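The structure appears below as structure tokens.
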Amino acid sequence: MRSIRAAAVGAVTMSLALAATACGGGSSNGSGSDDSPKTLTYWASNQGASIAVDKKVLQPELDKFERQTGIKVKVEVVPWSDLLNRILTATTSGQGPDVLNIGNTWSASLQATGALLPWDAKNFDKIGGRDRFVDSALGSTGAQGKDPAAVPLYSMAYALYYNKQIFADAGISKPPATWDELIADGKKIKAKGKSVLGAEGSNVSENIHHVFVFAKQHDADFFTADGKPDFTNPKVVDAVKQYVDLMAKDKVIPTGDAEYAQNQSVSDFAKGKQAMLLWQTASANLKSQGMSEDAYGIAPVPVQSGTPGAGAQTNSMVAGINIAVFKNSHNLAGATKFVKFMTSDDEQKTLNTAYSTVPPVKAAQEDAAFNSPATAVLKSTLATSAAALPQVPAESQFETTVGTAVKELFADAAAGRAVTTDSVKAKLEKAQQQMPAA
């Protein structure tokens, strides 16, 4: 989910009470499809280094689909900064595409609008069956106990990318496995005049992804078992503070990164300005910015102690992109055919190779193209130490309110204002008050 996933920023104004009555979907005017069964509109998320890159990747595949089916796909690549609000507007206005990509973390929120086609057993059978997909990817397709609201398209996981030359110059022989080791390595790196760890303090989604992982490592959750916000839980407060303290106290994240919002930290890393980067499946992005694969290593994201795994050893959220269908599309049959095409074994190999992502389709994932050392780290993370973000109806508001709270805390750290347990709790309490009533 991003470019590779940039922030889905902006105020999220969805009211579930209103949106639950919306139907969404394509129409004969506006941004929707026409009524022809030979035409589909498709909102693709910005996966590559630019929208132009995405069009270059996608258009040959859309042409292939048209040759196979006679159905022309009109694609619009939507930046992550606009995508969520565009989708929410479409669910209430009815002026949307036939098929769209969504960040997998939004699945439950968009499912609650009632606008997306449910993927029940009958619909899954039309695309080859549910069992074609890996379990971790299916875990981020909607609320537990309900038919998925979308189908996995690209899978991603966070990893620690590190500059081999900077590490060698600082006398560091291996990447850090724990946060204490990362902080200790940071002192050696700063002694050589380099910045340590890149971050995107103004990137709301990045903030959420990281504090979610830190919360898991503190054996905490942002929601109770019955789906109620629990943002001021002491363990959650400690987790958020630990992440922000990487800038505020430990000084491994530069204060300038508090203003970064969209790929600036990736650019800094690619240019050799920073020694480490926490990012989702960054190889294609780094390559597009001229960084050789030989120049960096890839390791699991650090944990508190020991090695990554389940529970408190979680070191990534289950990142990825799902593909969904507006259920009142004028061409449901064609839309389903398109989802089948995009999730076919061959297309999964082609598209995930282009984006350096991991196929969520089992047969494609087993292809030799996805057995590189870099991909092995990501596959292992997804299989053993990644957790899905909360699959609750208010998930998108959670991303916005808590992500913004973390953004404000980074701003405090950058300005030299104290980041304390009390100040973190106050920001999280404000975020919880902004959540919709159950």
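The values are calculated or read from the model by the stated rules, or taken from the named source; none is laboratory data. Because the structure is a prediction, the values reported are computed rather than measured. Every residue, glycine among them, receives a Cβ derived from its backbone with ideal geometry; neighbour counts consider all protein chains shown. The area values use the complete protein model at the heavy-atom level, side chains included, leaving out ligands, DNA and RNA. Shrake-Rupley method; radii C 1.70, N 1.55, O 1.52, S 1.80 Å.
Miscellaneous remarks
- Search result, residues across region 181-213 that are touching a residue at least 24 places away in the same chain (Cβ under 8 Å), farther than 13 Å from I253 by Cβ, open to solvent by 40 Å² or more (accessible area, probe 1.4 Å) and in a helix (DSSP H, G or I): E181
- Scan region 348-387 for residues that are over 21 Å from A282 (Cβ atoms) and touching a strand residue (DSSP E or B) at 6+ places or on another chain (Cβ under 9 Å) and the total you get is 2.
- The criterion of being at pLDDT below 95, within 30 Å of A159 (Cα to Cα), buried (at least 16 other Cβ atoms within 10 Å of the Cβ) and not polar (S, T, N, Q) does not hold for L88.
- Selection of region 61-115 for residues being in contact with a Pro (Cβ under 8 Å, 6 or more places away or on another chain) and in a helix (DSSP H, G or I) yields A90, N104, S107, A108, S109, Q111, A112.
- The residue of region 214-235 that is surrounded by the most Cβ atoms within 10 Å (Cβ to Cβ), among those that are modelled with pLDDT of 95 or more and aliphatic (A, V, I, L, M), is A215.
- Within this structure, S140 fails the test of being among the small types (G, A, S), in a loop (DSSP other than H, G, I, E, B) and within 19 Å of A282 (Cβ to Cβ).
- Meets criteria (open to solvent by 10 Å² or more (accessible area, probe 1.4 Å), among the aliphatic types (A, V, I, L, M), part of a loop (DSSP other than H, G, I, E, B) and within 27 Å of W80 (Cα to Cα)) for A261: yes
- Being under 28 Å from L138 (Cα atoms), of a type in the set (A, V, I, L, M, F, W, C), part of a helix (DSSP H, G or I) and in contact with a helix residue (DSSP H, G or I) (Cβ under 9 Å, 6 or more places away or on another chain) holds for only one residue in L409, L382, L428, L389, and it is L382.
- Qualifying residue in region 194-213 (condition: over 17 Å from the mean Cα position of the chain (by Cα) and β-branched (V, I, T)): yes
- Within region 231-251, if we keep just the residues that are free of Cβ contacts under 8 Å to residues at least 40 places away in the same chain and touching a helix residue (DSSP H, G or I) at 6+ places or on another chain (Cβ under 8 Å), the residue that is nearest to A261 (Cα to Cα) turns out to be A239.
- Note on region 167-180: residues that are open to solvent by less than 40 Å² (accessible area, probe 1.4 Å) and either out of contact with any strand residue (DSSP E or B) (no Cβ under 8 Å at 6 or more places or on another chain) or within 30 Å of G320 (Cβ to Cβ) (or both) amount to 6.
- Per the listing D238, D268, the residue uniquely farther than 13 Å from F410 by Cα, open to solvent by 50 Å² or more (accessible area, probe 1.4 Å) and not basic (K, R) is D238.
- Residue in region 146-169 that is free of Cβ contacts under 8 Å to residues at least 60 places away in the same chain and farther than 27 Å from F398 by Cβ present: yes
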